[in-house]
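**Student:** Handing you a structure now.
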Amino acid sequence: MNILLLGSGGREAAIAWKISQSPLCDKLFIGPGNGGTDSFGTNVNLKPTDFPAIETFCRENGINLIIVGNEDPLVAGIRDYFAEKMPEMLLVGPAADGAALEGSKDFAKQFMQRHGIPTAAYQSFTSATVEEGCRFLETLKAPYVLKADGLAAGKGVLIISDLKEAQNSLREMLGGMFGRASSTVVIEEFLSGIECSVFVLTDGHGEYRILPVAKDYKRIGEGDTGLNTGGMGAVSPVPFANKEFMSKVEERIVKPTVNGLIKDGIDYRGFIFLGLINVCGEPMVIEYNVRMGDPETEAVMPRIESDLLPLLIAVSKGNLGNLELKEDPRTAVTVMAVSGGYPGSYEKGKPMTGLENVTESLLFHAGTAKQDGRLVTSGGRVIAATSYGEDIPSAAAKSFAAVKAIDFDGKYFRRDIAADLC
Ligand code: AMP
Ligand code: GLY
């Protein structure tokens, strides 16, 4: 089978690493990939949202299966496009109707309300109802959670402790702070608890598998301080997501989500990412995403013992059947090395050295590129190191050693990834 994986981050590097080990994988292409994905397949210069160019590539290269790594092509309707132009193409990822779970927070909240899925109370507002929105904020307790309805590259959520500031931000958001993405704003109740990420693979026909559970570290600074980033590290499994918690997640969230999609007439074949919060032992949904998480994937893929490719093929065919998804019992900890200045402005093109000294960890490139045969940085999140261990401290120690061994000008990483769970 020939496969095209769309995306260019650490998540896609980890998926490529996993898929390339499958005996069912003949040729693997990554479009566009990065400076490291070419060790698992062939990078091709494709933009994941340029559907006609992807179609041409697929026809010329006998692609049988497309795996969509990031949300943009899904929200823009890549499944719908291929269903029309190349109906024989297998594709992992929902059509635009299902991708709205991530593409519209208002849609996701309505979906959860309709299907009785536990989530924060909310109301949505537009520029026509901005004054109502300001009054609604007065009825809530601080801090105030304001979310741009549409995709905003992970930046569309504001959590503000002062009421006046929250009201001003609501006006600014509705006035175009995030462009069209914030023409509707969801205001919701603040939930207090510890978060985790649960990933589900579902086939659109009621079958699903739950992948190893993970927790990511979003803030730039140690002790979860400073600005939000795409993610500075991850750990899997998550000790508080024990059997009892996960059985609540499955009964109250996974099953109603999978069945709710079917009830709503949405043929959802792909990954569902449940961003959960543990509120005093009770799981609640913070958000849905319609793809795997990054950097969670870099910790989750190494913990999947089974060949993932047969599961992905079955999902894309709508027939998961009784295929098994076996977990590796070991702990995996991922530490991300980022460019100095990130998530603010940072320089690119810094030569990278020392990767060959990393022998006890997996390296998943994120923002790297090859320039005249040399490896250089090309993004904010540069490279992830994932290590196995019998417990969190032993896995984390190896990943910290790995990112220390890699050198580039301005390198930064958090030294406390997973320390809160020890
Ligand atoms: P989202 O893009 O919806 O995941 O939001 C980004 C981050 O904001 C989440 O990972 C949470 O840390 C935080 N957040 C979002 N919604 C809430 C909420 N209702 N209560 C507390 N924190 C939240
Ligand atoms: N790590 C969170 C995300 O991928 O959205």
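**Student:** Quick one: count up the residues across region 249-301 that are part of a strand (DSSP E or B) and within 25 Å of Asp72 (Cβ to Cβ).
**Tutor:** Quick first cut of region 249-301, residues part of a strand (DSSP E or B) only: 269-279, 282-289.
Adding the requirement that they be within 25 Å of Asp72 (Cβ to Cβ) leaves 269-276, 285-289.
Count: 13.
**Student:** Quickly run through region 1-29 and pick out the residues that are touching a residue at least 40 places away in the same chain (Cβ under 8 Å), among the aliphatic types (A, V, I, L, M) and outside any helix (DSSP H, G or I).
**Tutor:** Met1, Ile3, Leu4, Leu5, Leu6, Leu24
**Student:** Which ranges mark the helices (runs of 4 or more DSSP H) fully within region 30-141 that have 2 or more residues being over 30 Å from Asn278 (Cα atoms) and touching a residue at least 12 places away in the same chain (Cβ under 8 Å)? Even if it seems obvious, please write down each step before you answer.
**Tutor:** Numbers: elements: 51-61, 71-75, 78-85, 96-103, 105-114, 130-139.
Fully inside region 30-141 and qualifying: 51-61, 78-85.
**Student:** Quick check: is even one residue across region 296-306 away from ligand 2 (no atom under 16 Å from the Cβ), touching a Leu at 6+ places or on another chain (Cβ under 9 Å), without any contact (Cβ under 8 Å) to a residue 24 or more places away in the chain and charged (D, E, K, R)?
**Tutor:** The answer is yes; a qualifying residue exists.
**Student:** A further question on this structure: If Arg414 satisfies all but one of (1) open to solvent by less than 30 Å² (accessible area, probe 1.4 Å); (2) closer than 25 Å to Ile30 by Cα; (3) not small (Gly, Ala, Ser), what's the number of the condition it fails?
**Tutor:** Failing condition for Arg414: (2).
**Student:** Follow-up question, since we're still on this one. Please list, ordered by first then second residue, the pairs with beta carbon atoms under 9 Å, 6 or more apart or interchain, first in region 347-371 and open to solvent by 80 Å² or more (accessible area, probe 1.4 Å), second assigned to a loop (DSSP other than H, G, I, E, B) and hydroxyl-bearing (Ser, Thr, Tyr).
**Tutor:** Pairs found: Glu347/Ser339; Lys348/Ser339; Lys348/Ser378; Gln371/Ser378.
**Student:** Restricting to region 1-27, give me the number of residues that are open to solvent by less than 10 Å² (accessible area, probe 1.4 Å) and either among the aliphatic types (A, V, I, L, M) or more than 20 Å from Val376 (Cα to Cα) (or both). Before you say what the answer is, go through the steps one by one.
**Tutor:** Here is the first cut: in region 1-27, the ones open to solvent by less than 10 Å² (accessible area, probe 1.4 Å) are 3-7, 10, 12-16, 19, 22.
From the residues that got through so far, the ones that are either among the aliphatic types (A, V, I, L, M) or more than 20 Å from Val376 (Cα to Cα) (or both) too are 3-6, 13-16, 19, 22.
Count: 10.
**Student:** How about region 247-301: which of its residues are open to solvent by 10 Å² or more (accessible area, probe 1.4 Å), of a type in the set (A, V, I, L, M) and within 12 Å of ligand 1 (Cβ to nearest atom)?
**Tutor:** Val279, Met284, Ile286
**Student:** Ok, one more. Just a yes or no: is a residue in region 243-258 of a type outside the set (A, V, I, L, M, F, W, C) and within 16 Å of ligand 2 (Cβ to nearest atom)?
**Tutor:** Quick first cut of region 243-258, residues of a type outside the set (A, V, I, L, M, F, W, C) only: 243-244, 247-248, 250-252, 255-257.
With within 16 Å of ligand 2 (Cβ to nearest atom) added as a condition, the list becomes none.
No.
The values are calculated or read from the model by the stated rules, or taken from the named source; none is laboratory data. Worth saying up front: this structure is predicted, and the values here are computed from it rather than measured. As a convention, Cβ positions derive from the backbone with ideal geometry for all residues, glycine included, and neighbour counts pool all protein chains shown. Keep in mind that these areas ignore ligands, DNA and RNA; they rest on the heavy atoms of the full protein, side chains included. Shrake-Rupley method; radii C 1.70, N 1.55, O 1.52, S 1.80 Å.
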